[in-house]
Amino acid sequence: MDLGITGKVAVVAGGSRGCGLGISRALAAEGVKVVLTGRQDETVEAAAQAIGAEGGEAVGAALDMTRPDGVAAIMAAARESFGDPDILVVNAPSAFVQKPGEPRGFDACADEDYLNMFNNFVLSQVRLTRAVLPAMKERRWGRLLNIGSIAFKTPHQEDPMPANDVRIATASIQRILAHEFGGFGITANTIATGPFDSELSRDYRASKPAVKTDDWFAKMIPVGRWGDPMEMGWLAAFLCSERAAFLTGEVIRLDGGYTKSLF
């Protein structure tokens with residue numbers, strides 16, 4: 001299927017490793033010019049070079065999306081390299097990973113933890129979206145995609161609460177954006193990620209949570225395996241495509257059947 005996005009420009013914020021890299025690779029494979037970001041120079045450069053080796057076009061920008069000056073620098077890098085973005089994917093920095101034996105409950109969460117998570121997940125999304133909307137409105141075409149979590153549906157009681165509590169706001173923002181800007185040909189969707197075999201999930205498993213061990217996951221994922229980051233990438237590419245123009249305001253779970261709720 002021709003997704004109709006050859007020549008489009010995408011910013012994939014948090015697109016240098018794991019599922020973010022899967023998204024960057026899938027978009028580039030569809031002929032999209034990709035600006036991928038991350039906070040580690042070597043990782044970002046390696047990701048851009050890997051996409052180039054696959055025949056795609058990508059530029060890496062080692063910048064911090066959680067800072068206002070970082071967002072401004074990301075947009076400047078995109079415009080200098082390819083022009084105003086048609087596609088924005090926000091794959092915000094992860095929740096903090098705690099060490100074995102550290103407390104995880106409500107009593108262990110300080111105000112600063114909530115504020116940090118709000119800045120990482122919500123404000124990074126808001127600032128990046130503000131930056132790309134004017135050009136999308138003028139062109140009357142745009143794709144906004146946020147990478148969320150199945151914790152939207154089933155909060156992880158063994159995880160630090162701030163990430164669970166705050167991330168749901170990002171899905172609400174996307175829903176409102178879908179309503180407000182749909183008339184400009186702009187869609188806004190969220191992917192609720194499940195268990196993927198990425199650097200993040202390996203870090204999580206290494207933190208030895210009390211319940212969610214490798215054996216536990218093996219029993220809980222109906223398809224019997226971890227997700228591949230490229231599977232995230234292909235769904236993201238479709239949602240960012242011309243073929244998904246009527247699909248907006250949705251939270252789409254991609255979790256191998258892990259979540260048991262019907263809706």
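Rule-based calculations on the coordinates, nothing more; no lab input. Quick caveat, the model's predicted, so the values are computed rather than measured. All Cβ positions, glycine included, derive from the backbone under ideal geometry; neighbour counts span all protein chains shown.
Report the number of Lys pairs in the chain whose alpha-carbons are under 27 Å apart, with separation of 8 or more residues or on distinct chains.
Qualifying lysine pairs in the chain: 15.
With a 10 Å Cβ neighbour count serving as the proxy for reagent exposure, in which order, fewest first, do Lys33, Lys260, Lys137 appear? Please list the in-between numbers first.
Numbers: Lys33 22, Lys260 9, Lys137 15.
With the fewest neighbours first, Lys33, Lys260, Lys137 line up as Lys260, Lys137, Lys33.
Indicate the gyration tensor shape class of the range 20-67 (rounded, prolate or oblate), computed on the Cα atoms with a ≥ b ≥ c the square roots of the eigenvalues: a/c under 1.5 is rounded; otherwise a/b larger than b/c is prolate and the rest oblate. Numbers along the way, then the final one.
Values: a/c = 2.40, a/b = 1.67, b/c = 1.44.
The shape class here is prolate.
Using DSSP H assignments, which helices in the chain have an axial alpha-carbon span of 27 Å or above and a mean Kyte-Doolittle hydropathy of 0.0 or higher? Mind showing how you got there, number by number?
Working: long enough: 161-181 (32 Å, 0.20).
Helices meeting the criterion: 161-181.
At 222 nm, what value in deg cm²/dmol follows for the chain if DSSP H runs of at least 4 each add -39500 (n - 2.57) and the sum is divided by all its residues, to the nearest 500?
Working: 9 runs with 109 residues, N = 263.
That comes out to -13000 deg cm²/dmol.
Need one number: nm distance between label points at Phe106 and Ser261, each 7 Å from Cα along Cα→Cβ, rounded to one decimal.
Computed distance between label sites Phe106 and Ser261 equals 1.9 nm.
Can you tell which of Asn164, Asn189, Asn146 shows the greatest fluctuation in a Gaussian network model of the chain with Cα springs below 10 Å?
Judging by the Gaussian network model, the answer is Asn164.
Among Asp113, Asp228, Asp2, which comes first, then next, by fewest other beta-carbon atoms within 10 Å?
Working: Asp113 18, Asp228 14, Asp2 10.
Ordered from fewest to most neighbouring Cβ atoms within 10 Å, Asp113, Asp228, Asp2 come out as Asp2, Asp228, Asp113.
Residues with beta-carbon under 11 Å from that of Ala61, excluding Ala61: net charge, scoring Lys, Arg +1 and Asp, Glu -1? Walk me through the numbers on the way to the answer.
Details: positive: Arg39; negative: Asp41, Glu45, Asp64, Glu80.
After counting each charged neighbour, the total is -3.
Could you give the length gained on full extension between Phe118 and Phe184, defined as 0.36 nm per residue of separation minus the Cα-Cα distance, in nm?
Values: separation 66, 0.36 × 66 = 23.76 nm, distance 2.83 nm.
In short, 20.9 nm is gained.
Using a basic spin-label model with each label point 7 Å from the Cα along Cα→Cβ, how many nm lie between Ile252 and Arg39?
Spacing of the two 7 Å Cα→Cβ label points: 2.9 nm.
Taking 0.36 nm per residue of sequence separation and subtracting the Cα-Cα distance, how much length would be gained by fully extending the chain between Ile176 and Asp215, in nm to one decimal? Let's see the in-between values first.
Values: separation 39, 0.36 × 39 = 14.04 nm, distance 3.89 nm.
Full-extension gain reported as 10.1 nm.
Net charge within 13 Å of Phe181 by Cβ-Cβ distance, Lys/Arg positive one each and Asp/Glu negative one each, not counting Phe181 itself?
On the way: positive: Arg130, Lys137, Arg139, Arg140, Arg143, Arg175; negative: Glu138, Glu180.
Surrounding charge for Phe181 is +4.
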